Amino acid sequence: MQICRMDYNDASVDKRRLKLHVYGVGVFPVFSGIEPVTNIAQCAFKKNAALPVGTYWIVDRPSGSIRNQIQTFIKDFKNGTNHDEWFGLYSASTMSDSVFVNGVETWSIQASPLATQW
């Protein structure tokens, strides 16, 4: 098990980058959510918003169905991304990739390297 920490209060000046501290390994620039709700924890209940505050297990990102895999391949080719570098997050409280925030279910929690968005 690897201990990590990400603090929404420890954002870059432009608020576009956070620091993921992976103890014993290093510190990595990351983001959470898609504009206009990137790195805003209070918006975690909105679609494509920042990761809800909590404790998570880092897991392999599920690849999904054959259809999802084909769609992912097309997106990667078109956008120059690589979903194989992404990872999934399981909430320690639910042991799944979904949690409820303000009565709204947030699911398919995952993260990606910073370079894929900017």
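Coordinate-derived values only; no laboratory data. Worth saying up front: this structure is predicted, and the values here are computed from it rather than measured. Note: ideal-geometry Cβ built from the backbone for every residue, glycine included; neighbour counts use all protein chains shown.
Here is how the numbers come out for the structure above:
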| read-out | value |
| --- | --- |
| Gained length - K19 relative to F45, 0.36 nm times residue gap less alpha-carbon distance | 7.2 nm |
| Over the chain, relative contact order from alpha-carbon pairs under 8 Å, at least 6 apart, % | 20 percent |
| Residues whose placed amide H lies under 5 Å from that of F100, excluding near-sequence neighbours | T106 |
| Fewest-first ranking of Y56, Y8, using other Cβ atoms within 10 Å as the exposure measure | Y8, Y56 |
| Two-site label geometry, S96 and S12: point separation in nm, points 7 Å out along Cα→Cβ | 3.5 nm |
| Relative packing of 58-70, 40-52, 18-30, which averages over residues the other C-beta atoms within 10 Å, highest first | 40-52, 18-30, 58-70 |
| Option label - Rg/Rh (Cα atoms, Kirkwood Rh) computed here, alternatives (i) 0.95; (ii) 1.22; (iii) 1.08 | (i) |
| Furthest towards positive pole of dipole, C43, W107, G54, structure part the chain, Cβ charges | C43 |
| Unit charges on C-beta of K, R, D, E only; dipole of the chain, Debye | 220 debye |
| Mean residue ellipticity (222 nm) of the chain, computed from DSSP H runs ≥ 4 via -39,500 (n - 2.57), nearest 500 | -4000 deg cm²/dmol |
